[in-house]
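The values are calculated or read from the model by the stated rules, or taken from the named source; none is laboratory data. Just so you know, these numbers come straight off a predicted model, no measurement behind them. For neighbour counting, all protein chains shown are included, and Cβ atoms are generated from backbone atoms with ideal geometry for every residue, glycine included.
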Amino acid sequence: MEFILDLHVHSKYSRGTSHSMDLENIYRFAKIKGIQVIATGDFTHPAWFNEIRKKLEPAEDGLFKLKNKLAKKQDKTLPAIIKKKSVRFILSAEISNIYSKGGKVRKMHNVILAPDFKTVSKINNKLSEIGNLTSDGRPILGLDSKKLLKITVNSNPLTMLIPAHIWTPWFSLFGSKSGFNSIEEAFEELSSNIYAIETGLSSDPFMNWRLDQLKNLTILSNSDAHSPLKMGREANILNCKPTYKNIIKTIQSNDKRMIGTIEFFPQEGKYHCDGHRKCNVVFTSEQTKKHKGICPKCNKPLVVGVNYRVGELADEKSNYKPKQHKKVEYIIPLLEILSELGGFKKPGKKVMRDYEKLYSVLGDEFSILRKVPIEKIKEAGFEKLAGGIERMRKGQVHITPGFDGVFGIIKVFENNTQAQKYGGQKNLFE
């Protein structure tokens, strides 16, 4: 069975996260997005863990489902075309590890997966002896990532630690500001327990495959969502019976059951290029080298982005592609395409109404973006949108890259005038 999996989200208890990130809304938007298995996020937070135990119940081996009464309440508000699809939860958390190693301050984020409440309780009890788990859904702990890995493995052999968004400059395994140069440098003799890494929004699998040390690992992409609408902006495609053990074994083996990933265009990530936000300076790697890493406007160091950092550690050239590799699909979130077609910078009420009409008629968002035939989208009355999705699927996009915390912009049309004229419609649904 092929299904879509998002292993990294946050709850309403994480800083900078929407209050609507409760289990009911995660369930609801998983159906709208087309995600079959979604992370709970934040199981280290005591209040959230209590909510998880109260509102979820065991489903397939090691996965959980929203209790029937709560699920029915959400399903009543959803259109028939998506309400019958199942959603399962997988227990997960992200830890912010800040510690000193090798004479440097290291700042790493790591995602943990666990198969049951008993294991989570063991992990939480151990971590509560080290730091405060109540202050943030993503706790900040003065704990070596290697020791965190040891705690998770010792709690249950079926747990998994995945280094999160491994290229982000400030908080990641390979980050230019506080990371390492290799997995072995970070995890030492326990490195064999690292089976996968998470790309983050600013890199894609092809960038990661440039490193010999990553070629045999499973490349995962997840949303790191802080609001329901951001769920699934990146995700994974697996083909196996959806159980916790099957998911873990698939990631560990990286075999044919791991179909591939669904990606942001990496230039849309807010750390893809180098730059200086305050000075509105954005550089390619070549420009950064030319300026010796210094901002020409303020003479302060630039924030070195993901693309540059990959180049520092890569064994292959920038155009490298493995002869055989997992599927890599690039998408633009449907709300972004709708906003562009409507001439809006951000989704407003009109765009949200259009979005609801779309998934009510054509099905979940991933189906619309990836699988629904272009002609069917046109026949349903969405001709302008059909043109935009067709261009996205072909990679015919216009890119303004992200840098120093500023998201990039990916457009399916060169300018607003072209977007408005496309398809000959005055309004999207006329």
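For the reader, a short list of remarks on this structure follows.
- All told, ARG233 falls short of being more than 25 Å from ILE90 (Cα to Cα) and not β-branched (Val, Ile, Thr).
- Residue list for the range 303-312, restricted to those being closer than 14 Å to THR199 by Cβ and among the hydrophobic types (A, V, I, L, M, F, W, C): VAL306, VAL310
- Residue check, SER191 over 20 Å from the mean Cα position of the chain (by Cα), polar (S, T, N, Q), under 22 Å from VAL153 (Cα atoms) and surrounded by fewer than 22 Cβ atoms within 10 Å (Cβ to Cβ): yes
- Subset of the range 6-32 [within 18 Å of ASN236 (Cα to Cα), touching a Lys or Arg at 6+ places or on another chain (Cβ under 8 Å) and part of a loop (DSSP other than H, G, I, E, B)]: HIS10
- For the range 288-330, the set of residues classified as β-branched (Val, Ile, Thr) and either within 26 Å of ARG277 (Cα to Cα) or part of a helix (DSSP H, G or I) (or both) consists of THR288, ILE294, VAL303, VAL304, VAL306, VAL310, listed by residue number.
- As a summary of the residue check, ASN208 satisfies the conditions (1) in contact with a helix residue (DSSP H, G or I) (Cβ under 8 Å, 6 or more places away or on another chain); (2) closer than 22 Å to ILE98 by Cβ except for the one numbered (2).
- Count of residues meeting criterion [in contact with a Cys (Cβ under 6 Å, 6 or more places away or on another chain), assigned by TED's automatic domain parsing to the domain that holds LYS177 and not in a loop (DSSP other than H, G, I, E, B)] in the range 251-277: 0
- Among residues of the range 128-173, those that are in contact (Cβ under 8 Å) with a residue 60 or more places away in the chain, closer than 29 Å to ARG309 by Cβ and either surrounded by 16 or more Cβ atoms within 10 Å (Cβ to Cβ) or not assigned by TED's automatic domain parsing to the domain that holds SER96 (or both), counted: 13
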